[in-house]
1. Among Ser42, Ser100, which is the only one that is free of Cβ contacts under 8 Å to residues at least 40 places away in the same chain and at positive phi?
2. Taking the stated definitions as given, is Ser11 more than 14 Å from the ligand (Cβ to nearest atom), surrounded by fewer than 24 Cβ atoms within 10 Å (Cβ to Cβ) and either within 17 Å of the chain's Cα centre (by Cα) or polar (S, T, N, Q) (or both)?
3. Just to be sure before I move on: is Tyr103 surrounded by 17 or more Cβ atoms within 10 Å (Cβ to Cβ), among the hydroxyl-bearing types (Ser, Thr, Tyr) and farther than 30 Å from Ala180 by Cβ in the structure I sent?
4. Of all residues in the stretch 49-67, which are away from the ligand (no atom under 13 Å from the Cβ), among the hydroxyl-bearing types (Ser, Thr, Tyr) and under 15 Å from Val29 (Cβ atoms)?
5. At least 1 residues that are within 30 Å of Glu25 (Cα to Cα) and within 16 Å of the ligand (Cβ to nearest atom) in each: list the strands (runs of 3 or more DSSP E) lying fully within the stretch 68-180 that qualify.
6. Any idea which of (1) surrounded by fewer than 17 Cβ atoms within 10 Å (Cβ to Cβ); (2) in contact (Cβ under 8 Å) with a residue 60 or more places away in the chain is the one Phe240 doesn't satisfy?
7. So which residues in the stretch 202-232 are surrounded by fewer than 20 Cβ atoms within 10 Å (Cβ to Cβ), in contact with a strand residue (DSSP E or B) (Cβ under 6 Å, 6 or more places away or on another chain) and hydroxyl-bearing (Ser, Thr, Tyr), if there are any at all?
Amino acid sequence: MIHFVGAGSGSADLITVRGARLLGEADCVIYAGSLVNPAVLSYAGPACALYDSAGMTLEEVIGRMAENERAGKTTVRLHTGDPSLYGAIREQMDRLDELSLPYDVTPGVSSFCGAAAALRAEYTLPGVSQSVIITRMTGRTPVPEGEALRKMASHGCTMVLFLSTGLLEEVERELLAGGAYTPAAIVYKATWPDEQVLRCTVGTLARTARDNCVTRTALITVGDFLGTDYGRSMLYDPAFTHSFREATV
Ligand code: SAH
C-alpha cells in the first residue's frame, strides 16, 4: 500500500495522528526534502528506508513505489503542508492508477493555515472578506490567463500567494494594478522554529523581503483582514437566534 501523507507546515508535531502512525508503520518514506522538516522523519522506524524526492524524477518516484509494492512493502509519500496544494500528487496518482497500485491520501496542515496562526489572524472576517484566493505569481509554471494576479486582486478578498517570494516586484505591480492597496504580510517558514512575520503593505512587499533577506519558503498574504476593522459574527451575537441558541436580547 502507498500512503500520500501531508507532513504539515513545518513544526513536527503538526502532522496528523494518522500521518504519524503511517510513518511509524512504513517500510519506505519518500519525502519532499526541500520543504519537509527533517524532524518529521523521526516518526519513521529505525529500519525504514528514506528517500529525498528533491533529486528524483516522477518516473524514479513511481519506480521506487512500484518496486516496494512488488516486495510487499508499505510506502509513505510525504508531502509538505497539505498534498492537494502545489503538491504534484495528481500525476503520481494517475501513474499509480495506470499500474493498478493502491494508494490513499492523508491530509495535512497547509502552510496557509500555519501562516494565519503565525499572524494570529482570521482570513474570513465579517464585513471585510468572506473568501480566500489561494494562488501564485506566474513563473516557470504558467498561471492560466483568467487567473492573472491583477484579475484575482480585483475581487478585493483575502489572498494567499504561494511560490511567489522570488517575484515580489511583479507581485506588487500586479496587485496594485488590480486595486489591492491593502495591508500585506510575508510569513517566512510558518510554524518552523525560525518563523518570521513581516507586516507591510502591498507597495512595500519587495523591499520588506529584501531588507529581511527573505527569498523563499514564504507566503504572501494580502487584504484588509490584516487591518483593524471588521464586523462581529452573527453566530455569537446575543440578538441573533439560530438552531442551537435562542436570542437573549
Ligand atoms: N503543499 C504545500 C505547498 C507546497 S508549494 C502546503 O500546503 O503548504 C511550496 C510553497 O509553499 C513555498 O514556496 C512557500 O510559498 C509555501 N510554503 C510551504 N511551507 C511554508 C511555510 N512553513 N511557511 C511559509 N510558506 C510555506
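Since every read-out is calculated from the coordinates, none of them should be taken as a lab result. This structure is a prediction, so every number in the text was calculated from the model and none was measured. Counting neighbours? That spans all protein chains shown, and the Cβs are built from the backbone with ideal geometry, glycine included.
1. Matching residue, one of Ser42, Ser100: Ser100.
2. no
3. yes
4. Across the stretch 49-67, the qualifying residue is only Tyr51.
5. Ranges flagged: 75-79, 103-106.
6. (2)
7. If the condition is that a residue be surrounded by fewer than 20 Cβ atoms within 10 Å (Cβ to Cβ), in contact with a strand residue (DSSP E or B) (Cβ under 6 Å, 6 or more places away or on another chain) and hydroxyl-bearing (Ser, Thr, Tyr), then Thr208 is the only one that fits.
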